[in-house]
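Asker: Just dropping this structure here.
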Amino acid sequence: MSLLQLIGKAAYKCILSSNKKSDFQELKNLFSRVQKSDLNFTACSDYDLDKYRQIFLQIFEDTKIMAFIVILAENARIPLHDHHQMNGFVKIIEGCAKVETFTPVKEGRSPSEIICRRELEGEITSETKSCLTLSPNFGNIHQLSAINGPCAFFDILFPPYESDFFRLIKLHLSGSKTNCQASPGVRRIPSCT
Ligand SMILES: [Fe+2]
């Protein structure tokens with residue numbers, strides 16, 4: 001069985017067990033091993049990133065899961081957003097990305113504010129042995145940008161979108177380094193991570 005088949009099987013197991021901790025970890029372990037050769041992905045340079053700053057390649061989608069590759073031109077950024085009530089796994093397969101993730105911890109002073117805890121701020125590359133994960137309760141608000149050249153990442157999300165909506169989050173850093181205020185707003189976009 002190929003690595004992708006094992007990932008698919010582990011993802012369904014995770015869905016059926018409602019993200020039992022051991023199933024989530026099994027999927028994370030498998031996902032962390034993905035390389036671009038597993039996806040028959042050749043190189044970012046094969047794509048016209050001067051014309052298209054972000055390219056979305058759909059790999060698979062059914063009623064339970066969606067899988068895709070995103071290619072970003074150097075300095076292109078997937079802005080701060082969340083995948084509400086979804087789980088996500090992200091593995092860089094080429095290049096380097098700067099990543100930030102946040103977990104909402106409480107409502108802000110107005111309906112348009114959420115107080116968040118910063119979970120991760122760092123750089124991950126195709127050499128990084130682990131993958132980035134997000135869940136409904138951890139690190140769901142996130143952003144990625146390609147640094148030091150273009151980058152590509154493999155991403156799975158479940159359950160999949162019922163429409164092409166995700167939430168863009170406006171971030172206002174507050175006095176604390178680990179807490180921030182975020183203002184959510186729903187926007188329609190053609191594709192997302
Ligand atoms: Fe995303």
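Asker: Of the residues T133, T178, T193, which is at pLDDT below 90, of a type in the set (S, T, N, Q) and under 20 Å from K91 (Cα atoms)?
Answerer: T193
Asker: Conditions first: (1) within 13 Å of the ligand (Cβ to nearest atom); (2) at pLDDT below 60. L144 passes all but one, so which condition is the exception?
Answerer: Here L144 clears every test but (2).
Asker: Of all residues being over 14 Å from L132 (Cβ atoms) and away from the ligand (no atom under 13 Å from the Cβ) in region 70-94, which is surrounded by the fewest Cβ atoms within 10 Å (Cβ to Cβ)? Just the residue, please.
Answerer: Filtering region 70-94 for residues that are over 14 Å from L132 (Cβ atoms) and away from the ligand (no atom under 13 Å from the Cβ), the one surrounded by the fewest Cβ atoms within 10 Å (Cβ to Cβ) comes out as Q85.
Asker: Something else now. Please list, ordered by first then second residue, the pairs with beta carbon atoms under 8 Å, 6 or more apart or interchain, first in region 35-46 and within 15 Å of G95 (Cβ to Cβ), second assigned to a loop (DSSP other than H, G, I, E, B) and among the polar types (S, T, N, Q).
Answerer: Hits for this filter: Q35/S126; K36/T42; K36/S126.
Asker: To continue, here is another question. Any chance you could count how many residues in region 108-121 are within 16 Å of the ligand (Cβ to nearest atom) and either on the phi > 0 side of the Ramachandran plot or outside any strand (DSSP E or B) (or both)?
Answerer: Count: 0.
Asker: What is the residue count in region 13-36 for residues that are surrounded by 15 or more Cβ atoms within 10 Å (Cβ to Cβ) and assigned to a helix (DSSP H, G or I)?
Answerer: 11
Asker: Another question, then. With the structure loaded, tell me whether S37 is at pLDDT 95 or above, more than 30 Å from C116 (Cβ to Cβ) and in contact with a Pro (Cβ under 9 Å, 6 or more places away or on another chain) or whether it fails that test. Spell out the reasoning first.
Answerer: On the way: at pLDDT 95 or above: yes; more than 30 Å from C116 (Cβ to Cβ): yes; in contact with a Pro (Cβ under 9 Å, 6 or more places away or on another chain): no.
No: the conditions fail for S37.
Asker: Looking only at region 74-121, which residues are touching a helix residue (DSSP H, G or I) at 6+ places or on another chain (Cβ under 8 Å) and of a type in the set (A, V, I, L, M)?
Answerer: Residues of region 74-121 touching a helix residue (DSSP H, G or I) at 6+ places or on another chain (Cβ under 8 Å): 87, 89, 91, 93-95.
Within region 74-121, just I93 meets the criteria.
The values are calculated or read from the model by the stated rules, or taken from the named source; none is laboratory data. Computed from a predicted structure; not experimentally measured. Ideal geometry is used to build each Cβ from the backbone, glycine not excepted, and the neighbour counts take in all protein chains shown.
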